[in-house]
Amino acid sequence: MKILVVEDERRIAHYLKQGLELKAHLVDTAEDGEVGLDLALGENYDLLIVDWLLPKLNGYNLVKQVRAEGKTTPILMLTARTQVADRVAGLEAGADDYLNKPFAFSELLARVNALSRRPADFKSSQLTAGNLKLDIEIFAVSRAGKAVKLTKKEFQLLEFLLRHQGKVLTAEQLITQVWPYDSDVLPNTAQVYIGYLRRKIDQSFPQEKPLIMTVRGFGYKLEG
């Protein structure tokens, strides 16, 4: 998943970023509420982790503004506040879950996983990059108005690339997210399927700008 952590305590932010990235998530961080709000509204995240006490714009108002803009991204709120009234206020502002500080990383991870398993009504059914379009509900892909036929795994890989547009993704991250339960997956599986996608959405449209890039020594990214 692509996760935004809005936390002004650098030690905690680093701890969360490092731990979540070890679990193959992509993590951005922001140290104040204003930057966090800009990122939350300007990027497509699968989850927001927001501290209550933030400089410039507190977490409560950040969550309210995210919801006011129509964003339905799941939000986990972190806080040292322990009063029931505070928890209720956070949930009423639009947070989906609440975790008191200090907390064990294992508990935070369990809550992150639980939020990721919720019905994905917060995810747009249509994803785009330039004139490439993917519709999850009808399992359809097109580029420049022309239908592109993909296998199930090619479709899942393209969806993951589109949801993390502009981000460099390692082969390990792709395998973990697209082939999570395949025990016979090979080390070069991601590379092979990237090749399949390139042929279908880039090489089959020579008049269009290539979308899938190789970042040597790091991995792959899709640029719109």
Query - Yes/no for LEU186 being of a type in the set (A, V, I, L, M, F, W, C) and at pLDDT 95 or above - result: no
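Residues that are aromatic (Phe, Trp, Tyr), more than 18 Å from THR73 (Cα to Cα), crowded, with 18+ Cβ neighbours inside 10 Å and free of Cβ contacts under 8 Å to residues at least 40 places away in the same chain: does the range 120-142 have at least one?
Residues of the range 120-142 aromatic (Phe, Trp, Tyr): 122, 139.
Narrowing the set further to residues that are more than 18 Å from THR73 (Cα to Cα) leaves 139.
Pick out the ones that are also crowded, with 18+ Cβ neighbours inside 10 Å and you get none.
No: the range 120-142 contains no residue that is aromatic (Phe, Trp, Tyr), more than 18 Å from THR73 (Cα to Cα), crowded, with 18+ Cβ neighbours inside 10 Å and free of Cβ contacts under 8 Å to residues at least 40 places away in the same chain.
Looking at ALA171, ALA190, which one is touching a strand residue (DSSP E or B) at 6+ places or on another chain (Cβ under 9 Å), surrounded by fewer than 18 Cβ atoms within 10 Å (Cβ to Cβ) and hydrophobic (A, V, I, L, M, F, W, C)? Before the answer, list the steps.
Numbers: ALA190 fails: surrounded by fewer than 18 Cβ atoms within 10 Å (Cβ to Cβ).
Unique residue meeting the criteria: ALA171.
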Query raised in the report: How many of the residues in the range 120-144 are in a loop (DSSP other than H, G, I, E, B) and either within 27 Å of LEU48 (Cα to Cα) or modelled with pLDDT under 90 (or both)?
Result: 11
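The values are calculated or read from the model by the stated rules, or taken from the named source; none is laboratory data. All values derive from a computational prediction rather than experimental measurement. Backbone-built Cβ (ideal geometry, glycine too); neighbour counts: all protein chains shown.
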